[in-house]
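Report on the following structure.
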Amino acid sequence: MNIILLGFPGSGKGTQAELLKQRYGFMHVSTGDLIRHEIAAGTLLGKKIELLISQGNLASDEDTVNLLVNAIKHRDNDIVFDGFPRTTAQAEVLDRYLKQHGKKVDEVVLLSTREDLILKRLTSRRVCASCGGIYNTYSPDYKEICVKCGGRLTIRPDDTLESAKHRLEVFKKETQPLISYYQQSAGFKKVDGGGSPEEVFGEVVKALGLKK
């Protein structure tokens, strides 16, 4: 089963994808992680994308597709796509790629989350500079270091309030049409993303028809 998780930046797609990976064995493909790896490596593509996202914009379709196809070329089933596709053009490319390999997008889950909660999550988000672990300052067990590796927690350039607001506007303009695109699919589901990670995961599992 190939699954796409849709939702605003900060809606919890990455958390839900990781839970699906840990508990059901899915491959978690995050374009955000792929892009951050490229930036950390200091490649020309990474520098180009870093400038875009620091301004609250998205990487180009061409750059994003190239990164993703390279990541999944050895596995084209039981994948959770997190942060991809972001545009209908990317969705069409993904559909063509999977069809060439006799596969398809089986389920699409939209994590529906209020904008005020999204802004709170984004501006409170901290990321471990060493392992990429994600934390929120409003979490009751928040510490100023990564509990996984002891690394330093940092703020992403695109998680400032100004950038976060801009990202939501970009999402509405460029990514919102994906909802209409995938609503034509019998596998489209909508889940309330406002609860705790475990509460949302329970609803995602139910929507996908997975065994608990």
Next on the checklist: So in segment 6-48, with the set limited to residues that are among the polar types (S, T, N, Q) and at pLDDT below 95, which one is surrounded by the most Cβ atoms within 10 Å (Cβ to Cβ)?
Outcome noted: Ser11
Checklist entry - Just checking, how many residues over segment 113-131 are under 13 Å from Thr154 (Cβ atoms) and either out of contact with any Asp or Glu (no Cβ under 7 Å at 6 or more places or on another chain) or surrounded by fewer than 18 Cβ atoms within 10 Å (Cβ to Cβ) (or both)? => result 6
Checklist entry - What is the residue count in segment 82-126 for residues that are farther than 20 Å from Leu58 by Cα, among the acidic types (Asp, Glu) and assigned to a helix (DSSP H, G or I)? => result 2
Checklist entry - Applying the selection to segment 38-61, what residues are more than 22 Å from Asn2 (Cβ to Cβ) and not aliphatic (A, V, I, L, M)? => result Glu38, Gly42, Thr43, Gly46, Lys47, Lys48, Glu50, Ser54, Gln55, Gly56, Asn57, Ser60
Item to check | Looking only at segment 61-83, and only at residues there that are at pLDDT 90 or above and not β-branched (Val, Ile, Thr), the one that is nearest to Lys21 (Cα to Cα) | outcome: Asp78
Item to check | Where Val65 falls short, out of the listed (1) outside any helix (DSSP H, G or I); (2) touching a Leu at 6+ places or on another chain (Cβ under 9 Å) | outcome: (1)
Item to check | Residue list for segment 156-177, filter: without any contact (Cβ under 8 Å) to a residue 24 or more places away in the chain and either among the hydrophobic types (A, V, I, L, M, F, W, C) or in a loop (DSSP other than H, G, I, E, B) (or both) | outcome: Gln176
Next on the checklist: Would you confirm whether or not segment 107-124 contains a residue that is out of contact with any helix residue (DSSP H, G or I) (no Cβ under 7 Å at 6 or more places or on another chain), of a type in the set (Val, Ile, Thr), at pLDDT 90 or above and over 12 Å from Gly10 (Cα atoms)?
Outcome noted: no
Next on the checklist: Can you report the number of residues in segment 1-39 which are within 20 Å of Gln176 (Cβ to Cβ) and either of a type in the set (Ser, Thr, Tyr) or assigned to a helix (DSSP H, G or I) (or both)?
Outcome noted: 6
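The values are calculated or read from the model by the stated rules, or taken from the named source; none is laboratory data. Only a predicted model underlies this, so the values are computations on that prediction, with no experimental measurement involved. Here the Cβ is made from the backbone with ideal geometry for all residues, glycine too, and neighbour counts use every protein chain on show.
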